[in-house]
Structure formats: C-alpha cells, structure tokens
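Enquirer: Quick one: the structure is below, questions incoming.
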There are 2 protein chains.
Amino acid sequence: MRGQIEFFFSPRTVVVVGASRKPGKVGYELLRNLREMFRGVLYAVNPEAREILGVPCYPNLASIPEDIDVAVVSVPAEKVLEVAEEAGKKGVKGLIVISGGFKEVGAEGLEREKKLIEIVKKYGMRLIGPNCVGVYVPKTGMNTLFLSKERQGYPTHGFIAFASQSGAFGSAVLDWAAMRGIGISKFVSYGNKADVDEVDVLLYLKNDEDTRVITLYIEGIENGAEFFKVLGEVTKYKPVVVLKSGRTEAGARAASSHTGSLAGSDSIYDAVFKQSGAIRAYSMEELFDLAMGLAMQPPAAGERVVVLTVGGGSGVMATDALSELGLKVPKLSDSTVSKLRKILLPFASPYNPVDVTGSAVDEHLVEAIDILLTSEDQIDAVMWLPYYMVPGITPELNKKFLERVKKVFRETNRVVPIVGVATGGSYTAIYAKEAESMGIPMYVSPERAAKVIKALVDYGRWLKRTGYFDYHIEKFRRTFLTH
Amino acid sequence: MRGQIEFFFSPRTVVVVGASRKPGKVGYELLRNLREMFRGVLYAVNPEAREILGVPCYPNLASIPEDIDVAVVSVPAEKVLEVAEEAGKKGVKGLIVISGGFKEVGAEGLEREKKLIEIVKKYGMRLIGPNCVGVYVPKTGMNTLFLSKERQGYPTHGFIAFASQSGAFGSAVLDWAAMRGIGISKFVSYGNKADVDEVDVLLYLKNDEDTRVITLYIEGIENGAEFFKVLGEVTKYKPVVVLKSGRTEAGARAASSHTGSLAGSDSIYDAVFKQSGAIRAYSMEELFDLAMGLAMQPPAAGERVVVLTVGGGSGVMATDALSELGLKVPKLSDSTVSKLRKILLPFASPYNPVDVTGSAVDEHLVEAIDILLTSEDQIDAVMWLPYYMVPGITPELNKKFLERVKKVFRETNRVVPIVGVATGGSYTAIYAKEAESMGIPMYVSPERAAKVIKALVDYGRWLKRTGYFDYHIEKFRRTFLTH
C-alpha cells in the first residue's frame, strides 16, 4: 500500500546480495557501512565466501536461516531479476536495488525494469530503485550508501527528512549536513522510481514521528496529479520544502539528459506548489535554512516583523532583506516606543529596528522582547540579532532571553516565531549553537534569516487557509514550552 | 592629500592615549591587542602609570622621547580636543579617535566634531573617526579594534581589503572571516568620517600592492559626485564590490537612525554603481564570495558558460542558476560534442552541462577541460563541479586539472575564468581548500558560484568598455601562470 514502507527504514534483518571482499567495490563499502552502523541483524550473499568483514555469508537467499526484511541488491544488472525472484520466494519484504543498467540505459534496460516490477508485484514486495543510493537512517543505522566513511560523512539523528531524486547530490548533501551538524531523520534516494516514489515517501514521512520537516530535491514529477494531491494533504501536518531544478529552459534540457525528467514549465510548478502549501527553496543551503526554521518555530500569523538588534548596520540589512521579500517592518505604536525608551540606553533606537546598540547589556534585550511580545502592536514575527561578542553581553544571555520569551508565551495568548542572526566567528558560533539547542534557529546573516521568516509567513497563510493554524500553534506550545 | 593614508596602516610608532589597566575597558583591550600584534614601537599615555602590560607609559604626548606616527585616542569626548591639540604640537601624523560623543549625539557633539576637524587641519594631521573602531592590518599588526581576542577572531593576511561604515558589523565580519579562513589585506571603519572617508580609502587601496579586491559596506554617501568619480577610476585597476544597505524605504529609515545616512533612491545608486564599474553584493557572504572570485580569476569576455560536472543534479542546478542570472549555457558545437564523446564514458553527457558522471576518473575531467578550452566554441567561463568523494576521483585531481588548464592557457591565446563548486563535507573541504590554494575559487553550491561568474562577466564588460580588459588578462597570466 502507498506509504507503507517503514520496514525499509527500520528493518530487523537485512541482507546484502552481491557483497564483495574487495575494498573500493560497491558491494564491499555497502557492507562495511552497514556492518559499522546497522543495529539489526545483517547477512550477506556471496557464493564464494563464508563471511566478509565478520558478516555471515550464504551462497543464496534461500539458504539464510531467518526471515529477511530488506535485501540490498548490488549485482550486475543481468542478475537482478534472478535475485528478485529468489527474494520473492524467500518472502523478503522489500528490495533496494543499487545496481544500474535499467531504464536509464535505453530500451533493453527499460524492458529489464518492467520485468523487475512484475516480479516485485507478483510477490507483494516493495522496491526502492533501481539505479539508486537507497536509504540512510541514523537512528537504526540502516545505510545503503556506498561511499566509504573516509570520503563521505554521515549526519546524526535529527528532525529533518530528506528525499533526493539525485543520488550523487543526495550523498553530497548528507556529507555537507554531517559537517555542518545538521541532523537527519530519514534520507532516501529512489533512483528510477520503478515502485517507491515521492508519493510513498510523503505519505510515510507524514506519519513518521521522528520527522518534523520534509525536504525534497526533485527534477521532475511524472504522476503530477497524485503527487500534488498528497502534497497538499501532508503540508497541513508538516512543512514540506522543495528544491526543484530544471526551472529554466536550459536547466530543463539538462534535467532531461540527467534523469530523463520532463521538467515542464516552472510557472506551472510554482503555482501548484503554492496551491499545495509547499515552500520552495532555490539552493541546498536555503533548503536546510528553511527546514531548520520551519522545524523549530511556529508559523507566523501575518507579515509584520520586528527587528531587535545589537548592531545598527545589521538592523538596516535585516530591514532591507525583509522588505525585499514583501514583509513589513512597521513602525511601533507610540506606547510601545515610549515603554522601550524607558528601558533602553539614551542613544539606543526604540523604533523598528529596535537597536539596543553595542553598549547594551543582556537586560536590554530581555526587557525589550518582553515589551514587544506583550505590546498591543500586531507583531507576527521577531528577527533577533544578538551580538554575543560585545562587552556587555554575557554567556547567560540565551538563557535569560529564552526564559523571558517562554514566560510571556505561557502567560499570554501570544506565540510568535523568533528567528535569530549571529554574524561572527568561533566565540559567536558557540552561543548561536546554544540558542539553537534551546529552540531558536540561528543564521549567519540577516538575509538568510529573512527568507526563513518569509517561509514561516507563507506557511502560516497556508495553514490558516486550510484550518490547521491552531493545530500547529498548539503543537509548538507543547514542545517549546515544555522543552 | 586625498588617499595619502599609508601611515595609518603601517605606522612605525603608535601611542594609545587613554590606555587603561582595567581589563574589559576599551583602553585596556585596545592596548592589549596592539601589544600582542603590532610589529612597530608602542607607547601609552596615562598620567597614573609608568607601564601597562609592559608598554611604557607617559603622562602626556609631549613627554614621549620619539616621533609618533599614529595616536589612537580613547579618552572621554570632552578631552579629545585637548589630546588632538597636544598631538598636533608633537607632530603626530594621524589620529584614530575611537571615542564617541560627537556628531552622532546631536548639536553639542557636532560642535565638538567641527573643532576637532579644525585642530586636525591646523596641524596638517589626518583623522580616522571619531566614533569608530579604526583599522586592522594583519601584515603590520596595526589593530585598533577593542574586542578581546577571546570574543573576536582576527583574520590572517590576504588579498581582500574591507572598509565598513558600521564598526560593529565590520568587527563581526572580521570575526567571521577569521573563522572561515578568509584573508584580509586592510580593514578600516571610519565612523563619523570627519576627515578620512571612502574616497581616501579607495584612492589608497587602488595603489596598495597587498590588495587585489576592495570590498565596501556602506549605508549612505555624502559626497556622491566625488565618490563615484573616484570609484569609476579605481575599478579600472581593481574590482570593487559594494554591499549597500538602506535599499528599501524601511531600510533607508533604519539607516538614517543608525548612521544618519540619507540613503537616497536605490535605483539611482544602482545606476551609478553600474556606471562606475562597481559590483553589487546583497549579503555579507555574497560580498566575500564575489571578492574571492574576482581576486583569483580573470574577467570574462562574454556570457557563454560551460558547466563541467561529475554530478548530474548539480549540473542541472548550475544551469538553472546561471540562466536565472541572464547568462548563457549554450549548446556546444557538433565537433566539440564528438570530441567529448570519444573520451567520456558511454553514459556520460557530452552536451552542456558536460556530465562525466559519478563513474568518472580524473582523466575524464582533465581531457574534457582540454577539449573545451581548445575548441572553436566561444566559451567565456567555466563552472567546474568535481565531486571529490566519488571512487574514481583521486587526491591528484586538482594538480592534474590545474596543470592542464595552465598548459592550455600557456599554449593558446585563450584565458577564461574557472569557478569551482564542491558540495560536501570534511573530505571534500580539504580538496576544495587545495584547489583554492592553486588559484580556483571554490563554493559550496552552484548558486553561489553562478553569482561569481555573473560578477566576472559584468566586470569584464566594464573593463572592455573602459579599455582595461587586456591589462587584467595580462596581469592574470603573469600571476596565475607563474604561480
């Protein structure tokens, strides 16, 4: 059934068919990664070995003395059908076919792929691939990527799911995420999508408790109607961020020669993404910037943003970036301005941006956020720019600031997203990381943070339209305020 | 005279007036930074001490038994005029006045600032500030920033000069640059610009041998006519990248309350920047992305870009990003396609993007770049996307690739900019860094690299218009080919 693919991500038993003893070979690196990471039971099939890397080897699937959840297949294309047939007889639940040599190589391969699908259907199995890198799940250690650990980093467990039409790009992104400390709940790259496709993945991830936000890299969609229907359903519950390439004529031509995708007109895609509540990103970094923000903060109820900054220049840049995205950085009411003036330094600016200046101490930011969040002004989101390095800011700032925010959220009806900016080096990075661990996503520049606020505003609008806004606010209250 | 400000960056003797023994005070941290970094002779003025941090202290400037190049002034605003007078009598060449309490605080301060300018003029001194963080020069250790090393990182020597209207933002950017390994030739933040301003800095940096690219953060320009005249002169010799904030109405309002800048209409700024050959950036990261690219690569003679990639998905994204910026990713000629087909793998793509695929070995990239650079196709720039992590790519790739590029550049008339993309983690970062040390700027995503190519195209167009294109190509040949 559509979306019933949990066993691919959390199998109890996995077998690598086509395991090899030769370092550098896909069948070796695959087994080595699983051997090191997978927390279930692992077998290998290789007629010429009794064990490889300590993993027990059998001459074929039939002779393995246990039920198998997932068979990872890395044998020459000509042998895949035979293995699939064996797997069906053995009662294997799912195949992940890494091997290439199918639809992507022309008529002969297409024929082979059709036969593979027939076998899979006949036995009621599911199939990821062929011609794919498969799945990576930090929590269970299920990992069918075949680049060695020396060259490829693997991210830790986190709340972002990532599905990529391109295996190479998907691997590179995981590698990048590992270095950047971005956690992943589930990764999947489905190659030729002979069976499991975006729809299965969306339906599965919708109910996956470990996933707060779904990110997708796609070049083209075949079953558009079904995809967008499911997408529009899933986005009510979880944000979906999409990086869609092949947007331009030249890009679409390139996509067609890469994955055979017919990219179609981008303005149509754009309209349908909007109608389905998906958020578009335009680069890998943006994909994850938006995902982090959407995972950690509630949707915004409107487009009025307050900028609260320690640095005047950054405040100006923040205002530009927000305005250029169509958001408002409105003047504050006289009453709010006069309350701010009372607690700020004489040369600070109580307008919007609220600029506490580089001479500020922690309390200026803490009192200011309190005044802003309890004011009668309509404030839909806050961009917060602490400069951790200035002399008056102490290592306690995050704690004090977050405690005050939570207090106000608890005592009032108001909940607004707060997105942070911390431009700086190693000292700053420590406290930015700390703020993130406390629930505020932090970005290196106001321009990047502004795009995140825009996504929260767009997502909020979608949720209001579909009637799911309060559901998300309540969910946020439950997680953020008890955290 | 305009631009004659070398002594601020490479002084022989420096004195800190208002040196303090109290850690945390500006007069202490300032002295400590200079004490640790400055490679010239350092004195301090403090009537109550004979030495601080091992630096000899005098009760006043007059009693210092040596000529002084630069006096760094950090005393209360009321005492600054007196110090300036003393400095004039002592024959000090330049003042860097860190102290605030001038134009930025209203009428009284404005009066004080006018008097300060009078004194400076009377004695033929120059002045940076007041109300500024001053200069930082890794090569000489001249550093008037006053944040402690524990909170603020200082970048190493490099070829990018950075001038910032905002001191706090300037400091944060240096801190970020230090962490990211971006080198700086000269940094200056001139605060109220009572004397030294952007024009002085541009004229100075134009002739500064250590500076290949000039970056500016500005909120507003007062002496517009002079500034743009000088800018148009400087950009013939060196690229100038400008991050101008206060672009939107709300941003301009914020800028006005930050530095009192009248931001003016952004479309006018945009036009004048274009007419002066400056390149605009729209975020801190973009400012330095463009600066790195412009410093390391020659200008482009046109807008036709070839994408040479190991990853198909990245090739599609690269094509989109280039097209969206108005650049061309044209089809290659039949003859070039057939030459490429001969040396590539059967399932590789010999079109544009040229996709050698993840099964490629080093030689596929090396032979492909040779064919492209020696083809009869008009190719104005190359975006190169090696995936260092794929099995067939060896640690020798950069060396082999660069050697071949240099060979072709040497043997032909052709020189085109090459900009690289390396999406990935720690392993990839090592080789990206290596490629940069060999002269190819590397970016984490095709979108960022595409903006750099756009800048090289725009700069090339400007240089052709002003007749300085060949000068830059020759300069590049001299540095890159003998490197």
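Read-outs throughout are calculated quantities, based only on the coordinates presented, and are distinct from any laboratory measurement. Everything numeric in this text was worked out from a predicted model, so none of it was measured. Positions of Cβ are backbone-derived with ideal geometry, glycine not excepted, and every protein chain shown enters the neighbour counts.
Enquirer: Across peptide A:172-184, how many C-beta atoms of other chains are within 10 Å of each residue C-beta, on average?
Expert: Details: counts 17, 5, 2, 10, 9, 1, 3, 7, 2, 0, 0, 0, 0.
Neighbouring Cβ atoms belonging to other protein chains average 4 per residue here.
Enquirer: Continuing with the same structure: Please tell me the relative contact order of region A:298-482 in percent, rounded to the nearest whole number, where contacts are Cα pairs under 8 Å and at least six residues apart. Don't skip to the answer; put the middle values down first.
Expert: Details: 319 pairs, mean separation 53.8, N = 185.
Here the relative contact order equals 29 percent.
Enquirer: Can you work out the Karplus-derived ³J(HN,Hα) for every residue in region B:37-49? Use 6.51 cos²θ - 1.76 cosθ + 1.60 with θ = phi - 60°, whole Hz, and x for glycine or proline.
Expert: Result, rounded to whole Hz: 10, 5, 9, x, 9, 10, 10, 9, 10, 6, x, 9, 9.
Enquirer: Something else: Inter-copy label distances at A:Pro330, 7 Å along the Cα→beta-carbon direction, one decimal in nm, shortest first?
Expert: Inter-copy label distances (nm, one decimal, shortest first): 5.2.
Enquirer: Please list, or write none, the aspartates and glutamates whose alpha carbon is within less than 13 Å of the alpha carbon of B:Lys206, excluding same-chain residues fewer than 8 places away.
Expert: B:Glu6, B:Glu198, B:Glu233
Enquirer: Translational diffusion coefficient of the protein assembly as shown at 4 °C, 1.567 mPa s, Stokes-Einstein with Kirkwood Rh over Cα pairs, in µm²/s as a whole number.
Expert: Working: Rh = 30.1 Å.
So the translational diffusion coefficient is about 43 µm²/s.
Enquirer: Here is a further query. Quote the FRET efficiency, to the nearest 0.05, computed for B:Ser148 versus B:Ser63 with a Förster distance R0 of 30 Å and r equal to the Cβ-Cβ distance.
Expert: Details: r = 29 Å, r/R0 = 0.97.
Taking R0 as 30 Å, the efficiency between B:Ser148 and B:Ser63 is 0.55.
Enquirer: How large is the helix-only mean residue ellipticity at 222 nm for chain A, computed as the sum of -39500 (n - 2.57) over DSSP H runs with n ≥ 4, divided by its residue count, in deg cm²/dmol to the nearest 500? Walk me through the numbers before you get to the answer.
Expert: Numbers: 17 runs with 215 residues, N = 483.
Taken over chain A, the calculation gives -14000 deg cm²/dmol.
Enquirer: Ok, one more. Which parts of region A:362-389 would a label at A:Lys400 reach, counting a residue when its backbone N lies under 20 Å from a point 7 Å out along Cα-to-Cβ?
Expert: A:362-374, A:383-389
Enquirer: If you don't mind, there's one more thing I want to ask. Just to be sure I understand: of the beta bridges DSSP finds with both ends in the protein assembly as shown, what percent are antiparallel, rounded to 5? The partial results should precede the final answer.
Expert: Working: 16 of 112 bridges.
The antiparallel fraction comes to roughly 15 percent.
Enquirer: Further question on the same structure: Which whole-Hz couplings ³J(HN,Hα) result when phi for each residue of region B:334-350 is put into the Karplus expression 6.51 cos²θ - 1.76 cosθ + 1.60, θ = phi - 60°, listed in order with x for Gly and Pro?
Expert: With coefficients 6.51, -1.76 and 1.60, one gets 4, 5, 5, 4, 6, 5, 5, 4, 4, 9, 8, 5, x, 9, 6, 10, x Hz.
Enquirer: Given R₀ = 60 Å, FRET efficiency for A:Arg50-B:Gln378 by Cβ-Cβ distance, to 0.05? Mind showing how you got there, number by number?
Expert: Values: r = 61 Å, r/R0 = 1.02.
Efficiency, rounded to the nearest 0.05: 0.50.
Enquirer: May I ask you to order B:138-148, B:470-480 by the average number of other C-beta atoms within 10 Å around their residues, highest value first? Mind showing how you got there, number by number?
Expert: On the way: B:138-148: 22.1, B:470-480: 14.6.
The most tightly packed comes first, giving B:138-148, B:470-480.
Enquirer: Give me the dipole magnitude in Debye, nearest 20, for region A:6-211 about the Cα centre, with unit charges on the beta carbon: positive for Lys and Arg, negative for Asp and Glu.
Expert: Numbers: 26 positive and 26 negative charges, 68 e Å.
Once rounded to the nearest 20, the dipole reads 320 debye.
Enquirer: Please report the equivalent ellipsoid semi-axes of chain A, computed as sqrt(5 x eigenvalue) of the Cα gyration tensor, largest first, in whole Å. Write down the numbers at each step before the final one.
Expert: Details: eigenvalues 461, 107, 68 Å².
Working through the eigenvalues yields semi-axes of 48, 23, 18 Å.
Enquirer: Restricting the count to DSSP beta bridges whose residues both fall in region B:1-128, what percent are antiparallel, rounded to a multiple of 5?
Expert: The antiparallel fraction comes to roughly 10 percent.
Enquirer: Compute the relative contact order of chain B as a whole-number percentage, counting only Cα pairs closer than 8 Å that sit 6 or more residues apart in sequence. Present the calculation step by step, with values, prior to reporting the outcome.
Expert: Values: 1022 pairs, mean separation 51.3, N = 483.
That works out to 11 percent.
Enquirer: Once Rh is set to the Kirkwood radius over Cα pairs, what Stokes-Einstein translational diffusion coefficient, in µm²/s, holds for region A:271-336 at a temperature of 10 °C and a viscosity of 1.306 mPa s? Don't jump to the answer; show the numbers that get you there.
Expert: On the way: Rh = 14.2 Å.
Translational diffusion coefficient: 111 µm²/s.
Enquirer: Among the aspartates and glutamates, which have Cα under 16 Å from the Cα of A:Lys339 when same-chain residues fewer than 8 positions away are ignored?
Expert: A:Asp355, A:Glu363, A:Glu367, A:Asp370, A:Glu376, A:Asp377
Enquirer: If packing is taken as the mean number of other Cβ atoms within 10 Å per residue, what is the order of B:370-376, B:463-469, B:450-456, highest first? Show your work: numbers first, answer last.
Expert: On the way: B:370-376: 17.6, B:463-469: 15.6, B:450-456: 25.9.
Descending mean neighbour count gives B:450-456, B:370-376, B:463-469.
Enquirer: Kindly give Rg over Rh for region A:374-458, based on alpha-carbon atoms, with the Kirkwood expression for the hydrodynamic radius.
Expert: On the way: Rg = 13.2 Å, Rh = 13.6 Å.
My calculation puts Rg/Rh at 0.97.
Enquirer: Now for a separate question. Put a point 7 Å out from Cα along the line to Cβ at A:Ser148; what are the distances to that point in the other copies, in nm, shortest first?
Expert: 4.6
Enquirer: Please give the average number of partner chain Cβ atoms lying within 10 Å of the Cβ of each residue in B:302-313, rounded to a whole number.
Expert: Values: counts 0, 0, 0, 1, 0, 2, 0, 3, 2, 8, 11, 20.
Mean number of neighbouring Cβ atoms from other chains: 4.
Enquirer: Then there's this: Which residue is it, in chain B, that holds its beta carbon closest to the axis of the B-onto-A rotation, and how many whole angstrom away?
Expert: Residue plus distance in Å, as requested: B:Glu285, 5.
Enquirer: Got the B:Leu481 label distances to the other copies yet, label 7 Å along Cα→Cβ, in nm, shortest first?
Expert: 7.0
Enquirer: Further question on the same structure: Which ³J(HN,Hα) values in Hz, rounded to whole numbers, follow from the phi angles of region B:278-285 under the Karplus curve 6.51 cos²θ - 1.76 cosθ + 1.60, where θ = phi - 60° and Gly and Pro get x?
Expert: 7, 9, 8, 10, 10, 6, 4, 5
Enquirer: Also, quick follow-up: Taking every pair of distinct Cα atoms and averaging 1/r, then inverting, what Kirkwood hydrodynamic radius in Å comes out for region A:315-407? Write down the numbers at each step before the final one.
Expert: Values: mean 1/r = 0.0726 Å⁻¹.
Evaluated on region A:315-407, it is 13.8 Å.
Enquirer: Additional query: Once each part is reduced to its C-alpha centroid, what is the distance from region B:391-460 to region B:284-331 in angstrom?
Expert: Distance between centres, Cα-based: 11 Å.
Enquirer: Given a Förster distance of 35 Å, report the FRET efficiency between B:Lys274 and A:Lys331 from their Cβ-Cβ distance, rounded to the nearest 0.05.
Expert: Values: r = 33 Å, r/R0 = 0.94.
Efficiency at R0 = 35 Å is approximately 0.60.
Enquirer: Could you work out the mean count of beta carbons from other protein chains within 10 Å of each residue's beta carbon in A:424-434?
Expert: Values: counts 11, 15, 8, 9, 7, 4, 0, 0, 0, 0, 0.
Other-chain Cβ atoms within 10 Å of each residue's Cβ, averaged: 5.
Enquirer: Long-range amide H contacts for A:Ile52: which residues qualify at under 5 Å (H placed 1.01 Å from N, peptide plane, sequence gap of 5 or more or a different chain)?
Expert: Answer set, sorted by chain and number: A:Cys57.
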